[in-house]
Structures are given as C-alpha cells and as structure tokens.
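Novice: First, the structure itself, so that you have it in front of you.
The values are calculated or read from the model by the stated rules, or taken from the named source; none is laboratory data. Keep in mind that what you see is a predicted model, and the values were worked out from it rather than measured. Note that each Cβ is placed from the backbone with ideal geometry, even for glycine, and that neighbours are counted across all protein chains shown. SASA here: full protein model, heavy atoms, side chains in, ligands and nucleic acids out. Shrake-Rupley method; radii C 1.70, N 1.55, O 1.52, S 1.80 Å.
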Amino acid sequence: MAGSCLKGRFLSVFDYKTEKYIVAKNKKVGVLYRVIQLSIIGYIIGWVFVSKKGYQETDEAIQSSVITKLKGVSVTNTSESGLLVWGPEDYVIPPQGEAVLFVVTNFLETPNQKLGYCAESPKVLDGHCRVDRDCDKGKMVVAGNGIMSGRCLRKDESSNGTCEIYGWCPIERKFKPQGPLLTNAENFTIYIKNFIQFPKFKFSKSNVLETTDDSYLKKCRYDEELHPYCPIFRLGDITQRARYNFQDMSTFGGSIGIMISWNCDLDKGYSHCHPQYYFTRLDISVSNTTIATGFNFRHTRYFKNATGESYRSLFKVYGVRFNIMVHGKAGMFSIIPTAINVASGLALMGAGAFFCDMVLLYLMKKGNSYRERKFEDCRSKKSTSEDNSVEDKKAAMEQENLTF
C-alpha cells in the first residue's frame, strides 16, 4: 500500500495542471480589462518598439578620434609689444590640434622681466608689512611672485608697505582689460575632423564628406541643410549657436562645449548615420550670478639680450576654450532583445488580469460569490455524503457563466 502511494506521488510529477477560467459577466470589469490590455499593447508597440527600438541590440561604446585645425590672421598694436601679427601658431594653445583647445582673443603683457629684487604687489595679502621683521627672509610669499628678502619697503614710516622679494621683476601688471585686442577673432574658422567606430557592429564613419573634390573643404561652411558633412565652423557662428555673442566673450574669455552626437540606426543602412552638433556655454551658471565667468591663464616667452642676460615677457591671455565631446549609440535588429521585450509584454498582460481579479474579489459587492467559484477547498477522502453533494454542485457551476 505504501509502495503504491509513493508510486502515485512520483507519477503525479508528470501531470499537467491547467488553470481554471471563470467568465465573469461584469461590464465595468470587462471594460477595465480591455483598457489595460490596450494600454499595455500601446506601450509595447509605441514606446518600446517604435520609440525606443526595443527590437535592436545597441552599442554605446563609441570609439572616437578628433582632429582640429584653425585658420585666420589678426593684428595687434600695443605699447608693450608694438605691432604684432597673430597666426594660428600664436593664438591656438596647444597647437597640436586636440579635442580641447584655447583661442586667444585678448592679453595683458608685462614685458622685459628679469630676475632681481623688487616690491611685492600690494594686492598680495601675505606680502603686506609694517616693519622688516614682518618679512621673513627666505620665506615664499603665499600666492605671490617670489621669495622675501627680509626688507619691508614703505613710502614713509606712517604707512603700510610690502615686502621686498627676489623674483621676476617688475612684477605682473595688475589691471583689467578694457576690450579685446584680437578684434576679428570671431571670423577665424575651425575645422573639426571626427572619426568614430562602433566595435560591436564593426561600423566606422567620418563627419567629412566622402568626395574626390579637393576644393570642397576650401569653400564650404557647415550648414545643417546644405552642407551637413562640412565640419568647418566660423567661431562667431559657434558662439551664436550657443546663444552668446562672441565679442561679449572676447574681453574676459569663456568656455564653449561642442558635442558631436552619433545616433545610428544601422537597420536603415550606412547613409542614415549622420553627426548632429550641439553647442553650449560651460563657464556660467543657470542664474548667471557667478564671479568665476571667463577664462584666462598665464604663459611666458623667454629670450636673451646681446650680453646673454635672460629676460622674459609674461602674458596673461584671455580667450575662448573649446571642449569637443563625442557621444553616440548604434542599434541593429537582434532576436534576443525582441524576444525579451515581447515576453515582458506578455507578463504585463498577466498583471492586468491579476489586477482585475483583485477588483472582483475586494472591490465588488458580490466578491464573496466570485471567491467561492474561483477558489476550491481540498477535502480528504473521509468526506461525508454532504461533501459529495457539494462537489457535484461545484462541478455543475464550472459550466455556467457568472453574472454580477
């Protein structure tokens, strides 16, 4: 007897158990169920497959190379430098053509500096003094220009002075520029050559038109409609696309971000993968109340006179810094994401049925009647004759439709 019982339990593992379906004729719940079904179908088709292309395998690990080149000439004439002609090798820093570059639009020069002794700038707080002992000999001046010599230089005994330092003298001239010196810098042009590759799909492309016409790049300018594959931009047009005026940025400088976006649907073919350009200013906040706007830094030019003495000219340069960023995503049909999204949609259909069951069980007035028909109690074989009659009634109910 025990052996047959174990055998029966073992064989029951291979039984197939189907769900029991009950038709509940309730228009409100029926309409709710159809609305949920249509919403899920609309979400799967409209959002997942059409908008987000859920049937595609994607690759966002874009590999990119950016090469830049600027062209344009400007002339400046100052009391310190005299008449100067500025070419790309002078105003582009660094000149190697990288994805981050700086274009000089203005500068302040402190010429003919020589190592020696002079007074520290009064704008350097750590260099203020009243007597010589305030200037520790050999101490570096914090945010200053040299090493203290131990002397306090004052106009008279009743006034404060500044420490004498050993450094490049005379010290840097401290004043604000009144206007840009490279006035026609907005007419300079920048050539941005970008190569991209999506390794998963072995797909590569460039933002330069594939043509045998050698003169194309010499006469074209970027235009979204006419010349989308001519990556030559006028600097004034770049800042204008970022909604700022180039001349307003030229005096104190600024920072512009150039983003090249490649969103490629490879199911449509090679010719449907195009670069999109976006421009924004990076050195200001949303409220535009920061004191840190603009961009500048210092660099020097060293030389020697006829007697071999070393001199230098210190330049504080202002200008526009360009940050070129490349982002992209490519997609191509694949059966795996398609199957996953279809299965997710079917699972959501089941969630809709579960929600309608909860409505019938707990929110409808005749939820108890629905519960009696949906859930059955298991009884043992020692049931009374009354239990048998109940089972017969339940078997009859399975063939009738419920009405609420």
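Novice: Filter the chymotrypsin sites (Phe, Trp or Tyr not before Pro) in region 1-109 down to the DSSP loop ones having no more than 10 other Cβ atoms within 10 Å, then list what survives. Intermediate results must be reported in sequence, preceding the final value.
Specialist: Details: sites: Phe10, Phe14, Tyr16, Tyr21, Tyr33, Tyr43, Trp47, Phe49, Tyr55, Trp86, Tyr91, Phe102, Phe107; in loops: Tyr16, Tyr21, Tyr55.
Listed in order of number, the matching sites are Tyr16, Tyr21.
Novice: Okay, moving on. Taking R0 as 30 Å, what's the FRET efficiency between Val85 and Thr211 from their Cβ-Cβ distance, rounded to 0.05? Could you put the intermediate results ahead of the total?
Specialist: Numbers: r = 34 Å, r/R0 = 1.13.
Calculated transfer efficiency: 0.35.
Novice: Okay, next question. Separation between the Val342 and Glu172 pseudo-spin-labels, each 7 Å from Cα along Cα→Cβ, expressed in nm?
Specialist: 6.7
Novice: From the P(r) of the chain, could you give the percentage of C-alpha pairs in the tail past 31 Å?
Specialist: Details: 54238 of 81406 pairs.
So the portion of pairs separated by more than 31 Å is 67 percent.
Novice: What are the ³J(HN,Hα) couplings of region 181-197, residue after residue, when phi is run through the Karplus curve with 6.51, -1.76, 1.60 and θ = phi - 60°? Round to Hz, x for glycine and proline.
Specialist: 9, 8, 5, 9, 5, 5, 8, 5, 10, 10, 9, 10, 9, 10, 10, 10, 8
Novice: Mind jotting down a quarter of the surface of the convex hull over the alpha carbons of region 147-210, in square nanometres, one decimal?
Specialist: Numbers: hull surface 47.0 nm².
So the Cα hull casts an average projection of 11.8 nm².
Novice: Give me the tail of P(r) for region 225-352 as a percent: Cα-Cα pairs with distance above 24 Å. Mind dumping the intermediate values first?
Specialist: Working: 4767 of 8128 pairs.
Percent of Cα pairs beyond 24 Å in region 225-352: 59.
Novice: How much length, in nm to one decimal, is gained on full extension between Met349 and Lys200, taken as 0.36 nm per residue of separation minus their Cα-Cα distance?
Specialist: Details: separation 149, 0.36 × 149 = 53.64 nm, distance 3.37 nm.
Net length gain for the segment: 50.3 nm.
Novice: In nm, to one decimal, how far is the Asn323 label point from the Thr18 one, both placed 7 Å along Cα→Cβ?
Specialist: 6.4
Novice: Return the distance in nm (one decimal) between the two label points of a simple spin-label model at Gln247 and Lys137, each offset 7 Å from Cα along Cα→Cβ.
Specialist: In this crude label model, Gln247 to Lys137 measures out at 5.7 nm.
Novice: Need one number: % antiparallel among DSSP beta bridges in the chain, to the nearest 5.
Specialist: Working: 69 of 83 bridges.
The antiparallel proportion sits near 85 percent.
Novice: List the extent of the Cα atoms of region 1-100 along each of their three principal axes, largest first, rounded to whole Å.
Specialist: That works out to 113, 48, 22 Å along the principal axes.
Novice: P(r) of region 317-371 in 10 Å steps, Cα pairs, percent per bin?
Specialist: Histogram of Cα-Cα distances, whole percents per bin: 17, 19, 17, 14, 13, 10, 6, 3, 1.
Novice: Next up: Can you tell me how much longer the chain between Thr293 and Val73 gets when fully stretched, taken as 0.36 nm per residue apart minus their C-alpha distance, in nm with one decimal?
Specialist: Working: separation 220, 0.36 × 220 = 79.20 nm, distance 2.65 nm.
Contour length minus the Cα-Cα distance gives 76.5 nm.
Novice: So if each residue of separation counts as 0.36 nm, and I subtract the Cα-Cα distance between Ser158 and His274, what length gain in nm does that give? Let's see the in-between values first.
Specialist: Working: separation 116, 0.36 × 116 = 41.76 nm, distance 7.19 nm.
Full extension of this stretch gives 34.6 nm more.
Novice: Using the structure shown, list the pairs from Lys52/Lys193; Lys71/Lys219; Lys52/Lys200; Lys53/Lys205; Lys155/Lys304; Lys114/Lys176 with a Cα-Cα distance above 25 Å, or answer none. List each step's numbers first, then the result.
Specialist: Numbers: Lys52/Lys193 30 Å; Lys71/Lys219 13 Å; Lys52/Lys200 19 Å; Lys53/Lys205 22 Å; Lys155/Lys304 33 Å; Lys114/Lys176 23 Å.
Flagged as over cut-off: Lys52/Lys193; Lys155/Lys304.
Novice: Averaged over every viewing direction, what's the projected area of the C-alpha convex hull for region 108-150? Give it in nm², one decimal, please. List each step's numbers first, then the result.
Specialist: On the way: hull surface 13.9 nm².
Taking the Cα atoms of region 108-150, their convex hull projects to 3.5 nm² on average.
Novice: Now for a separate question. Once neighbouring chains are kept in place and the probe is 1.4 Å, which whole percent of the accessible area of the chain is contributed by carbon and sulfur?
Specialist: Numbers: 14190 of 25630 Å².
Summing carbon and sulfur atoms, their accessible area is 55 percent of the total for the chain.
Novice: Also: Run a plain Debye calculation on region 75-219 (Cα atoms as equal point scatterers, no solvent) and give log10 I(q)/I(0) at q = 0.17 Å⁻¹, rounded to two decimals, same order as the q list.
Specialist: These q points yield log10 I(q)/I(0) values of -1.02.
Novice: Amide H neighbours of Leu209 under 5 Å, at least 5 residues apart or on other chains, H built in the peptide plane: list them.
Specialist: none
Novice: To the nearest 0.05, how large is the calculated FRET efficiency for Arg130 and Asn368 if R₀ is 56 Å and r is the Cβ-Cβ distance?
Specialist: Values: r = 95 Å, r/R0 = 1.70.
Here the calculated transfer efficiency is 0.05.
Novice: Distance between the C-alpha centers of region 328-370 and region 207-248? Whole Å please.
Specialist: 50
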